[in-house]
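Notes follow once the structure below has been shown.
The values are calculated or read from the model by the stated rules, or taken from the named source; none is laboratory data. Fair warning: this is a prediction, and the values are worked out from it, not measured in the lab. Glycine gets a Cβ as well: all are built from the backbone with ideal geometry, and neighbour counts include every protein chain shown. Protein only, heavy atoms only, side chains kept; ligands, DNA and RNA dropped before computing areas. Shrake-Rupley method; radii C 1.70, N 1.55, O 1.52, S 1.80 Å.
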Amino acid sequence: MAIYHFDASVISRSKGRSATAASAYRAAERVVDRRTGEMHDYTRKHGVEHTEILAPAHAPDWARDRSALWNAVEQIERRKDAQVSREVRVALPSELSVEQNRDLVRGFVQEQFVARGMVADIALHAPGREGDQRNHHAHIMLTTREIGPEGFGAKNRDWNAKELLVDWRSSWAEHVNRTLERCSVYERVDHRTLEAQRAEALERASVAEHNGDERVRVAEMTRAVELDRPPLPDVGARGWSMMRRGIATPASDRWQEVREIGLQVREVAREFRTQARDWLERTLDRVQERGAALGLTRAPETAL
């Protein structure tokens with residue numbers, strides 16, 4: 001099933017990181033950092049399905065070259081603790097093809113980031129050889145300075161606003177759901193907390209019960225059961241890197257534990273739905289039989 005995941009973090013020198021190294025790793029390319037002389041070569045890395053750079057139309061041509069772009073970023077930042085890039089990581093629906101996910105990410109990035117003046121470096125990754133094979137995801141590295149025809153200008157502090165992050169999270173869910181609908185996939189995602197979604201499902205179940213709509217009540221109760229699980233904890237960029245290399249950490253162990261709980265809860269929800277469907281069908285069959293005995297011919301709705 002389609003899973004919602006969206007997190008944003010900052011790539012900062014204060015944590016020993018660089019934009020050149022991060023971009024080379026995510027794109028599985030070779031990038032030389034002209035500031036430090038370091039060569040970052042990840043050309044042997046597997047699992048990168050697609051990469052591209054999106055930039056405003058007025059940006060210089062070099063902004064679409066990975067090495068030139070991130071070397072320009074590193075050279076313009078003077079502080080030892082400079083924030084050289086923002087990174088957004090999103091889960092991609094495993095129900096979609098690489099091309100469909102590529103177009104999904106393109107549309108979201110163009111609307112939410114490039115239109116604001118950022119340059120975006122995109123990398124779509126396949127699931128690792130070990131672990132959940134539905135874990136298709138994308139890394140989106142973003143510049144922290146606006147770019148013009150002559151290059152980078154001042155940093156835009158408005159991009160750090162918490163309200164903007166909330167908008168990005170909501171917009172990603174909207175883009176995913178529109179794409180799923182267009183591709184005739186039934187699944188949908190929700191950017192809200194599991195607690196908020198479960199409260200809504202219980203409220204809808206209560207309304208359905210009041211209206212005598214057993215079909216809707218059962219469906220919403222099933223959804224509430226499935227949502228009654230803890231959210232996956234944040235592992236962090238370093239934690240994800242270690243997990244992909246098969247290195248266990250307390251954070252990754254906790255993530256795996258919570259994920260297993262989620263899988264068990266989903267199994268309980270499926271069993272609940274199956275049993276509820278059987279009960280509802282038996283009940284409606286009895287109603288139909290009584291209706292036929294009374295001379296009524298219209299069959300009640302049975303689909304769940």
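Using a 10 Å cut-off on Cβ atoms, rank the peptides 114-124, 97-107 from the highest mean neighbour count down. Before the final figure, lay out each step's value.
Working: 114-124: 20.7, 97-107: 17.0.
Answer by packing, highest mean first, reads 114-124, 97-107.
Using a 10 Å cut-off on Cβ atoms, rank the peptides 41-53, 149-161 from the highest mean neighbour count down. Walk me through the numbers on the way to the answer.
On the way: 41-53: 14.2, 149-161: 12.2.
Put in order of decreasing packing, that is 41-53, 149-161.
Using a 1.4 Å probe on the protein heavy atoms, what percent of the accessible area of segment 118-217 belongs to carbon and sulfur? Walk me through the intermediate numbers first.
Details: 2540 of 5590 Å².
Carbon and sulfur atoms account for 45 percent of the accessible area of segment 118-217.
Report ³J(HN,Hα) in whole Hz for each residue of segment 170-178, in order, from the Karplus equation J = 6.51 cos²θ - 1.76 cosθ + 1.60 where θ = phi - 60°; Gly and Pro get x.
Taking θ as phi minus 60°, the curve returns 5, 5, 4, 4, 5, 4, 4, 5, 5 Hz for segment 170-178.
So what's the gap between the Cα centers of segment 62-109 and segment 19-51, to the nearest angstrom?
12
Out of every Cα pair in segment 1-74, what percent are spaced more than 17 Å from each other? Don't jump to the answer; show the numbers that get you there.
On the way: 1443 of 2701 pairs.
Above the 17 Å cut-off, segment 1-74 has 53 percent of its Cα pairs.
With a/c under 1.5 counting as rounded, go ahead and sort segment 23-129 into rounded, prolate or oblate using the C-alpha gyration tensor (a ≥ b ≥ c being the square roots of the eigenvalues; past the cut-off, prolate if a/b is larger than b/c, else oblate). Display every interim value, and only then the final one.
Values: a/c = 2.07, a/b = 1.30, b/c = 1.59.
Oblate.
Roughly speaking, what is the stretch gain from Glu257 to Arg44, that is 0.36 nm per residue apart minus the C-alpha to C-alpha distance, in nm to one decimal?
Value of the extension gain: 73.6 nm.
Just name one of Leu165, Val176, Ala201: the one whose Cα is farthest towards the positive end of the charge dipole of segment 163-213 (beta-carbon charges, Lys/Arg +1, Asp/Glu -1).
Val176
Can you pull the semi-axes for segment 75-195, root of five times each eigenvalue of the Cα gyration tensor, sorted largest first, whole Å? Could you put the intermediate results ahead of the total?
On the way: eigenvalues 165, 53, 42 Å².
So the three semi-axes of segment 75-195 are 29, 16, 14 Å.
What's the local net charge at Ala55, with K and R +1, D and E -1, over the other residues with C-beta under 11 Å away? Intermediate values should be presented prior to the final figure.
Numbers: positive: Arg64; negative: Glu52, Asp61, Asp65, Asp121.
The answer is -3.
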